[in-house]
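Nothing in this text is a laboratory measurement; each read-out follows from the coordinates by a stated rule. Everything numeric in this text was worked out from a predicted model, so none of it was measured. Positions of Cβ are backbone-derived with ideal geometry, glycine not excepted, and every protein chain shown enters the neighbour counts.
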Amino acid sequence: MDTEGYAATVLCYHPRQSETRTHTMNAVILAGGKGTRLRPLTLNTPKPIVPILNRPFLSLQIELLKKTGIDNVVLSLSYQPRRIEALFGDGSALGVKIHYTMEPEPLGTAGAVKNAESLLKARTVVFNGDVLSDLDLGAVLRFHEESNSKCTIVLTPVENPTAYGLVETESDGRVKRFLEKPSYDEITCDTINAGVYVLEPELLDYIPEGKNYSFERGFFPTLLRDKVPFYAYVHRGYWIDIGTPEKYLKVHRDILSGALPFEGFTPNAGGTYVDPKATVESGARIQGPGYIGEGTTVKAGATLEPYAVLGTNCRIEEGAIVGNSVLWSGVRVGAEARVRSALIGRNAHIGHHSIVDGGVVLGDKSVLTDYSRITPLDDA
Ligand code: GDD
Ligand code: MG
């Protein structure tokens, strides 16, 4: 696996798992979206491989599949496929077999699975490539089997379903209605599509070939019309779609605070993970929780406030302050600079005495000259 930009030390993500019968099963991870809401971070790094504590996002999903006994994984790609393929190769570094399908033009979520049909002869698990949870996938598969379901969808409760697919169910778990991106006055329940499905292979016949077609607006409504056994499994644990800057920062905060277990995140007594190959000079103040990646240096007199995530080979100079931010690899924060509530791409340079604050997203190689201010101006 090409580890450029990621920690060579592999942290393992360990969702709750339980035993399940091993079937020959496949998985398709839908990873063809452009990640527009995470721009500019996703200009050079497609959303499926944005780092989560220095691990490419998809490796967490692949690990969940592998733990459930599914080691045949199709990555369905469209945007910057070569970068993703270069990172995972044939999957052997992760202990699975990875196949790739690539769409010259996006085929939509269901069209993408149809496009992989020749690789899917058995029961198939489908993941949206941007959701992270502590889902017990083994329990979902047992539920699928026990309810004689042809299609099982995982649901999760959220406060505001408008950004998701709203799913109404009967008391026995059968899906009653699927409504993608409902308006406020269409909200009838709080359970939404969590982006995890189990499909029997014959259902692929419902998906037209070579055509843009989605699960959400095409396939699911058709299953309901045709009264195909379509059941929902409600997951009440942790769940997040990482597709916006706010959620991307939140998932890091949740791991650091312990809300989302992430094995290998082994913080010290102060709540901060310090990579063995990181340098924290004496006289640096570290306020946990936090994460300091391999090869990163925090100079004497610098302060890390809570929720600072520093990727590999970053450098935080004397007197600088970093808090509630995710810095990708190779970021330099100059002396006396302050960086709060920011996401900063690879190899960016924040000049000394700069102030970056209040929900800032900077792309790879951004350069802020010394004394820059990216912060709301005071009225005064
Ligand atoms: N291969 C491929 N081709 N993948 C695609 C395509 C495509 O044409 N379109 C989208 N994807 C992938 C995206 O990369 C992403 O991983 C996943 O499919 C879902 O697409 P998003 O663009 O992130 O959709 P969303 O977040 O607005 O809504 C979806 O996810 C919600 C849960 O997060 C829907 O499935 C909602 O119903 C659901 O609630
Ligand atoms: Mg999404």
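Before moving on, here are some points about what is shown:
- Test set (1) surrounded by 17 or more Cβ atoms within 10 Å (Cβ to Cβ); (2) more than 22 Å from PRO157 (Cβ to Cβ) - THR266 fails condition number: (1)
- A search for C-beta distances below 8 Å between a residue of the range 146-163 that is more than 19 Å from LEU132 (Cβ to Cβ) and any residue that is β-branched (Val, Ile, Thr), counting only pairs 6+ apart in sequence or on different chains, returns SER149/VAL198; LYS150/VAL228; CYS151/VAL198; CYS151/VAL228; THR152/VAL140; THR152/VAL198; THR162/ILE187.
- None of GLU216, GLU202, GLU209 is outside any loop (DSSP other than H, G, I, E, B), loosely packed, with under 13 Cβ neighbours inside 10 Å and in contact (Cβ under 8 Å) with a residue 40 or more places away in the chain except GLU202.
Residue-by-condition table, conditions (1) away from ligand 2 (no atom under 16 Å from the Cβ); (2) closer than 12 Å to ALA232 by Cα; (3) surrounded by 15 or more Cβ atoms within 10 Å (Cβ to Cβ):
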position: LEU107; (1), (2), (3): yes, no, yes
position: ALA122; (1), (2), (3): yes, no, no
position: ASP134; (1), (2), (3): yes, no, yes
position: GLU146; (1), (2), (3): yes, no, no
position: THR169; (1), (2), (3): yes, yes, yes
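- For the range 331-341, the condition holds for no residue, the condition being that it is surrounded by fewer than 17 Cβ atoms within 10 Å (Cβ to Cβ), among the basic types (Lys, Arg) and not in a loop (DSSP other than H, G, I, E, B).
Matching residues to (1) touching a His at 6+ places or on another chain (Cβ under 8 Å); (2) not in a loop (DSSP other than H, G, I, E, B):
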{"position": "GLU263", "(1), (2)": "yes, no"}
{"position": "THR266", "(1), (2)": "no, no"}
{"position": "ALA269", "(1), (2)": "no, no"}
{"position": "LYS277", "(1), (2)": "no, no"}
{"position": "GLY283", "(1), (2)": "no, no"}
{"position": "GLY295", "(1), (2)": "no, no"}
{"position": "ALA300", "(1), (2)": "no, no"}
{"position": "PRO306", "(1), (2)": "no, no"}
{"position": "VAL309", "(1), (2)": "yes, yes"}
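- Any hit, the range 232-245, residues being assigned to a loop (DSSP other than H, G, I, E, B), within 30 Å of SER78 (Cα to Cα), within 16 Å of ligand 2 (Cβ to nearest atom) and in contact with a Lys or Arg (Cβ under 6 Å, 6 or more places away or on another chain): yes
- Scanning the range 358-380 for residues that are acidic (Asp, Glu) and surrounded by 18 or more Cβ atoms within 10 Å (Cβ to Cβ) turns up just one, ASP364.
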